[in-house]
Amino acid sequence: MAASLRGVSPELREYLRINRLPDIYEALLSGLSIMCPEDCLTFILEKLMYLKEKGLDCLHWDMFIDEDMKPHHRIVTESNLDMIFNFEDWLMPTPEMYTAAYSHYNNKLKEMCFCAMMQYHLHKKEKQLALQEKISQASQHHAHQILLVHLKIWKDWVKYRKGRQAMTFNKIQHVYNVSIGRVMFQAWYKHTLEARKQREYFENLFLEVFYGKKVQYSTYNGTLMKDSSLIDADNLEGQVDSRLERGENVDDDDAFGEGTGEARDSVSTLPWKIAVQIFSYLDVADIVNCACVCRFWKVLTQANLLWSRIDFYKVKKRVTDKIVTRLLYKARPYLIHLNLRMCHRLSRPSFVSVSECRNLQDLNLSECTGLDDETFKIVTKGCKILLYLNIAYTNLTDASLRVINKNCHNLQYLSLAFCNKFTDRGLLYLSIGHCHDKLQHLDISGCLQVTPQGFQYLADGCPNLQSLILNEFPTLLDECVMIVTEKCLKINTISLLGCPLLTDESLKRLAHNKSLQVLKIDGNNRISDSSMKVIGRLCPDLRHVYLADCQRLTDTTLKSLSSCKNLVVLNMADCVRISDTGIRHFTEGAAAGKLRELNLTNCVRLGDMAMVNLHKKCHNLTYLNINFCEHVSEAGIELLGQIHSLVALDVSGCNCTDQSLSALGHNARLRELIVSDNDSITDLGLQKFAQQAKYIESLDVSHCLHLTDSAIKNLAFNCRLLTSLNLSGCKHLTDLSLQYLSGVCHYIVQLDISGCIHVSDKALKYLKKGCKKMRHLNLLYCKKITKQAALKAQRYISVVQHSNEDVPLYFNY
C-alpha cells in the first residue's frame, strides 16, 4: 500500500488527510485486533455506517472496542501509519543526504587511520625506551657482577691470609703448651719421686706388721726381697690398694698368716661389662647409694651406660630441683632417655637443666604440674633431636604444639592424653610442622575438645601415622574415625577403649586399609558381627584383638577371626553371647596355631567342650583366663593342665577342686596361677599342687575358705621361688603361716593377707627378718595388727596398706 501511495498526486493525498482515512484505518484495525469478530466484513460495514451517522468528530482510535476490553496503549503507532500512507516525504533520503553521509563516513575513516598511526608510533617509541632501560639495567648488572667477582677474589685472599695467621698462632700456641707441659712434667716427676719414697717407707712399715718382722726392701727389678726370696711388689701393692679402695681393714687378717687371702665382694670380681649391666637394673637412688660403698663401686656408678637412661618416677616423691639439676649436669653428655613422670616438685631450674641435654631422644614429662608453655618452650629449644615425647596430663596449650612444630623436626611418638587446654588449632600447627611427615604414633585419649575439624587437620597433615590411641573418648563419632582412616592409609594400630558411640561403619572403613594389626575396643554395644566379618576378611595381618564387653558380638565374630593366621592375642572378656560353638569354629581356623593369649572372662556360656578344643588346637597358648565361667567343670580344668605351653592361668570362680588343682600342677612350665573364690579347694589339693609345681612364681588362692596353716607350710617348703602370693580372705591362717613363708620364701615381693583375722604383729616381725625383698604388703581388715606395727613396717616395705575395719560381707565369713 505504501508503494501504491508513493506515486499518487498531491491532491489525492490531501483528500485522504482531510477525510482522516489513516484514523479510520487505525480505529478499524484496533477494533478487529481486540474484538476479533466472526464476520470481519460485517463488522467493518457496521462501523463505517456508524461513522457516517455520527460524523468524523467523534472518531477515536479505540471507539470500536468495548469498554471492558479497551487497552491502555495504542496498538498501531503513528510512525507505522505514516509509513503505510507515506505522508512524510522528508523521511526519504535525498541525493544531498547521500553526499553528506559519504563525506562523514570518509572523514571517520581518515580519523581512525590517523589514530592508529599515532598509536603505532607511540608504541614503537615506548618499546625503544623500554629497550634502552633494559640495556641500562644489563650494564649495571654486568658492572655489579664484575664487582662480585673481584669481591670473591678478595675474600678468598683474606681467608687465605687468616688461615696462615691461624696456623702460625697454633704453632706458637703448641710450642707454648709444650714448654708449659715440660715444666709441669718436671715438677710432677719430682713430686712423684718424693711420693714414691714416701710410699716405700709406709710399705716397709706395713710389711713389718704383715710378716711380723722387718723386711728388707729394694727396688731392684720391681721386687721385694724377703729372706732371699722374691715377692712380686707390684702384685702385693695392687692387692693392698684394691682392698683399701673397697674400705677393707688390712689389720683384720690373721696375725699368724693363716687367713684365706684378700676379701673382695662378688661384684668387684666380675668383668667390667657384667658389673655395669648389673648396676643398670638399679634406680637412681640405689645407684647414688652404691657410689658411697667404696671407690671401686663409685667408679662403676660413673659408667656412661648407667647415665644414658634416668628414671625419676620411682623416686618422684623425693626428687627436687637441686637433685635433678646436679644429676643432669653430670649425665647430660650421655643422657638419651629421661623420665620425669609425676615429679610434682620440679620447677623452671629443672626444665632448664633438661634443655641442656642435647642428646636427649626420649622424654617423659607426663603429669608434671610445674610444666607450662614457657618452660616447655625452653625444653624443646634445647632438645631438638627428640624422637619420643610424652606430655600427657599437662596444662599445655596451642602455643606448646606450635613450639613442637618449630623445634622437634624428628618427632615420631607424641602423647597428648588428657591435655584439655589445646584446641583444633594446635593440631593444625602439628600437622603443618616439620615433623608432620615423620609422626608415627599419636595419643589423644580423653581430649574431648577435639572436633571433626581437628581430625581433618591430622588426616591432611600426618599421612604416615601408624598408631592412633583414642581411649576414654565418649563423644567420638564415626565421622572422626572415618576422616582419619580415609587419608592415613598406614594405620596398623588403633585403640578405641571407652568409645561407646562408634558403630560398624567406622570399623568397616578402617578394615579397608588392610594394614590393621592391633584393634582395641571395649564397652561398646553398637558394634556387631558384621564389622568383624569385614575385618576378618580384609585384615590378614591382625595380631592383637581386644573386644571386651561388646555385648552384641556372638560366635560369628570368632568364626570371622579364625582366618587371621597371625593372631597372637585375643580378649573377648564379658562377651556373654560366646559359646562352645564359637570356640570350636575359632580353633578350626588358622588363628589357633599362633595364639598365645586368650581372655574369656565371664563368658558364662562356655563349657568343657570349649576346653577340649583349646587343648587340641592351641599348642602355643601361654596365657588363659576363664574366670567365672561357671559351666567349666572339674574335667575341663584338668584338660587345661595338659596344655604344656601354658605359663599363666586364671580359673577364679570356676568349679576347681582338689583333683583339678593337682592336675594343674603337672604342667612344669606354669608360673602364674589364680584359683581364687573356689570353696572346694582344701589343704590336700594345695599340697599336691605345691609338690609338683615347684617353679611357680605367682599364686592367688584368695577366698579359699578351707585353707589352713598346713597348706601354707607345704606351699612354702615346696615353692621357694614365689614372688607374689595372695592369701586374702583365708580366715583360718595364723602367724604360723607367715613364719613358714618368711623362713623359706625369700623372694616374695608382693603379699596380700587382707581379711586374715588371726594374723598379729608377730607376723610382721617374721616378714621383716625373712622377706628382705618385699615391696608391697596388704593388711586390710587385719584387726590383730596394730597401726603402730603397720607404720613400722613402712620403713622397710615401700607400700603397706592397713586398716582395722570389720571384714566386709562379701568375704562370706
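Results, tabulated for the structure shown:
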quantity: Summed side-chain charge close to Ile34 - residues other than Ile34 whose Cβ falls under 15 Å, Lys, Arg +1, Asp, Glu -1; calculated: -3
quantity: Shape call, segment 692-813: gyration tensor on alpha carbons, a/c limit 1.5; calculated: oblate
quantity: Percent accessible area from carbon and sulfur atoms, segment 424-542, protein chains only, probe 1.4 Å; calculated: 51 percent
quantity: Sequence of Cys368, Cys115, Cys36 from largest to smallest accessible area, 1.4 Å probe; calculated: Cys36, Cys115, Cys368
quantity: Probe 1.4 Å, all protein chains present, accessible-area order of Glu638, Glu14, largest first; calculated: Glu14, Glu638
quantity: In Hz, Karplus ³J(HN,Hα) per residue of segment 623-629 (6.51, -1.76, 1.60; θ = phi - 60°; x = Gly, Pro); calculated: 10, 9, 10, 10, 5, 6, 8
quantity: Among the listed pairs Lys381/Lys421; Lys594/Lys688; Lys559/Lys594; Lys421/Lys490; Lys314/Lys377; Lys520/Lys559, those beyond 23 Å (Cα-Cα); calculated: Lys594/Lys688; Lys421/Lys490; Lys314/Lys377
quantity: Amide H within-cut-off set for Arg309, under 5 Å, with H built and near neighbours excluded; calculated: Ile336, His337
quantity: Per-residue HN-Hα couplings for segment 329-344 [Karplus 6.51, -1.76, 1.60; θ = phi - 60°; Hz; x = Gly/Pro]; calculated: 5, 6, 9, 4, x, 10, 5, 10, 10, 9, 10, 10, 4, 6, 8, 6
quantity: Tensor-based shape of segment 421-522 (alpha-carbon gyration tensor, a/c under 1.5 rounded, otherwise prolate or oblate); calculated: oblate
quantity: Surface accessible to a 1.4 Å probe, Met112 within the full protein complex, Å²; calculated: 120 Å²
quantity: Per-residue SASA entry for Lys134, accessible area with 1.4 Å probe, Å² rounded to 10; calculated: 140 Å²
quantity: Theoretical FRET efficiency, 1/(1+(r/R0)^6), r = Cβ-Cβ of Lys768 and Arg425, R0 45 Å, to 0.05; calculated: 0.20
quantity: 17 Å Cα-Cα reach of Lys487 towards lysines, excluding residues that sit fewer than 8 places from it in its own chain; calculated: Lys438, Lys508, Lys514
quantity: Positive-end extreme of charge dipole, segment 103-171 - chosen from Ser103, Ala116, Phe169 (charges on Cβ); calculated: Phe169
quantity: Length gained when the stretch Lys273-His60 is fully extended (0.36 nm per residue, less Cα-Cα span); calculated: 63.9 nm
quantity: Charge sum, other residues only, whose C-beta stays under 13 Å from Ser355's C-beta, Lys/Arg counted +1 and Asp/Glu -1; calculated: +4
quantity: Lysines with Cα under 22 Å of Lys162, excluding same-chain neighbours fewer than 8 positions away; calculated: Lys152, Lys171
quantity: Extension gain from Asn359 to Thr451, taking 0.36 nm per residue of separation minus the Cα-Cα distance; calculated: 29.5 nm
quantity: Neighbour-limited loop hits for chymotrypsin sites (Phe, Trp or Tyr not before Pro), segment 124-175 (at most 13 other Cβ within 10 Å; DSSP other than H, G, I, E, B); calculated: none
quantity: Interchain or long-range residues, amide H under 5 Å from His802's placed H; calculated: Leu779
quantity: Average Cα contact separation per residue, segment 707-813, under 8 Å, 6 or more apart, as relative contact order %; calculated: 24 percent
quantity: Point-charge dipole on Cβ atoms (K/R +1, D/E -1) for the chain, about Cα centre, debye to 20; calculated: 4780 debye
quantity: Antiparallel %, DSSP beta bridges [both residues in the chain], to 5; calculated: 5 percent
quantity: Segment 292-303 - phi-based ³J(HN,Hα) in whole Hz, Karplus 6.51/-1.76/1.60, Gly and Pro as x; calculated: 8, 6, 7, 5, 5, 5, 5, 5, 4, 5, 8, 5
quantity: R0 of 41 Å, Cβ-Cβ distance Lys616-Gln750: FRET efficiency to nearest 0.05; calculated: 0.70
quantity: Leading residue at positive end of dipole, the chain (Cβ point charges), from Cys383, His585, Met184; calculated: Met184
quantity: Net charge over other residues, Cβ less than 14 angstrom from the Cβ of Leu477 (K, R count +1; D, E count -1); calculated: -2
quantity: Cut-off under 5 Å, modelled amide H: who pairs with Ser528 long-range; calculated: Asp504
quantity: Relative contact order for the chain, counting Cα pairs under 8 Å that sit 6 or more residues apart, in percent; calculated: 3 percent
quantity: Overall form of segment 648-764 per C-alpha gyration tensor (a/c, 1.5; a/b vs b/c); calculated: oblate
quantity: Net lengthening on full extension, Ala166/Ala291 (0.36 nm per residue, minus Cα-Cα); calculated: 40.5 nm
quantity: Relative contact order (percent, whole number), segment 543-677, Cα cutoff 8 Å, 6+ residue spacing; calculated: 19 percent
quantity: Option label - Cα Rg over 2.2 N^0.38 Å computed here, alternatives [x] 1.22; [y] 1.09; [z] 1.82; calculated: [z]
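The values are calculated or read from the model by the stated rules, or taken from the named source; none is laboratory data. Being a predicted model, the structure only gives us computed values, none of them experimental. Every residue, glycine as well, gets a Cβ built from its backbone with ideal geometry; the counts of neighbours run over all protein chains shown. The protein model used for the area step is the full one, side chains on, heavy atoms only, and it has no ligands, DNA or RNA in it. Shrake-Rupley method; radii C 1.70, N 1.55, O 1.52, S 1.80 Å.
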